[in-house]
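Undergrad: I'd like to ask some things about the structure below.
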Amino acid sequence: MRVRSTLAALAIAAGATVFMSSPASADTGCDVSDFCLYYNSNFGGAHKHFRLSEPDLAGYVYQCCSAGAGQPVKNNAASAKNDFTGTYVRVFYNSNYAGPYDTFAPQQSKNLVNTYNDNASLLMY
């Protein structure tokens, strides 16, 4: 009986530890009707959601729980997903929608090429 109650206590403690290590507020991916920039290539690492054009990405940081979390978004993105329907997005090299850019059609996901780790603004149209 003592062994059975000890095993039960260990199982409960292990379950509590697993639950505590994955917070309910963890951000798990790009939502529908979002444009997301990712810290790593191939949609890896931390990401940041956007729903409006942004003339300057300064001040934005990647969200929790993966490589790049807490790092600035500006000049630090390697890939992106456009989960909008009917909206194109351009990621620009410079602030205020200037310089070289990468274009994302609706529902398109890819690695950045012209703005890889040199991204400063994004325009939705």
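The values are calculated or read from the model by the stated rules, or taken from the named source; none is laboratory data. Owing to the predicted nature of the structure, the values given are computational and were not obtained by experimental measurement. No Cβ is skipped: glycine too gets one built from the backbone with ideal geometry, and neighbour counts run over all protein chains shown. Surface accessibility is based on the protein's heavy atoms, side chains included, excluding ligands, DNA and RNA. Shrake-Rupley method; radii C 1.70, N 1.55, O 1.52, S 1.80 Å.
Undergrad: Counting Lys +1, Arg +1, Asp -1, Glu -1, what net charge surrounds SER79 among other residues with beta carbon under 11 Å of its beta carbon? Display every interim value, and only then the final one.
TA: Values: positive: LYS81, LYS110; negative: ASP102.
Within the 11 Å Cβ shell, the charges total +1.
Undergrad: Still on this structure: Lysines within cross-link reach of LYS110: Cα-Cα under 17 Å, excluding same-chain residues under 8 positions apart?
TA: The qualifying lysines are LYS48, LYS81.
Undergrad: Mind checking the dipole of the stretch 22-125: about its Cα centre, +1 per Lys or Arg Cβ, -1 per Asp or Glu Cβ, Debye to the nearest 20?
TA: Roughly 80 debye for the stretch 22-125.
Undergrad: While we're looking at this one, here's another question. Quick one: what are the phi-derived ³J(HN,Hα) couplings along the stretch 87-103, Karplus 6.51/-1.76/1.60 with θ = phi - 60°, whole Hz, x for glycine and proline?
TA: In residue order, the calculated couplings are 10, 8, 9, 10, 9, 9, 5, 10, 5, 6, 6, 10, x, x, 8, 10, 9 Hz.
Undergrad: Right, next: Pull up all non-local amide H partners of TYR60: gap of 5 or more, or a different chain, and H-to-H distance under 5 Å with H placed in the peptide plane.
TA: Correct list: VAL73, LYS74.
Undergrad: If I model a spin label as a point 7 Å beyond the Cα along the Cα-Cβ vector, how far apart are those points for SER41 and TYR116 in nm?
TA: 0.5 nm
Undergrad: Multiply the residue separation of TYR125 and ASP56 by 0.36 nm, subtract the distance between their alpha-carbon atoms, and state the gained length in nm to one decimal.
TA: 23.2 nm
Undergrad: Between ASP34 and THR87, what length comes free when the chain is fully extended (0.36 nm per residue of separation minus the Cα-Cα distance, one decimal in nm)?
TA: 18.1 nm
Undergrad: Here's something else I'd like to know. Counting only protein heavy atoms and using a 1.4 Å probe, what share of the accessible area of the stretch 30-86 belongs to carbon plus sulfur, as a whole percent? Provide the component values of the computation, followed by the final result.
TA: Working: 1230 of 2520 Å².
Of the solvent-accessible surface of the stretch 30-86, carbon and sulfur hold 49 percent.
Undergrad: Further, regarding this structure: Kindly report, to the nearest 10 Å², the accessible surface of TYR62 as traced by a 1.4 Å probe over protein heavy atoms only.
TA: Only protein atoms counted, so the area is about 10 Å².
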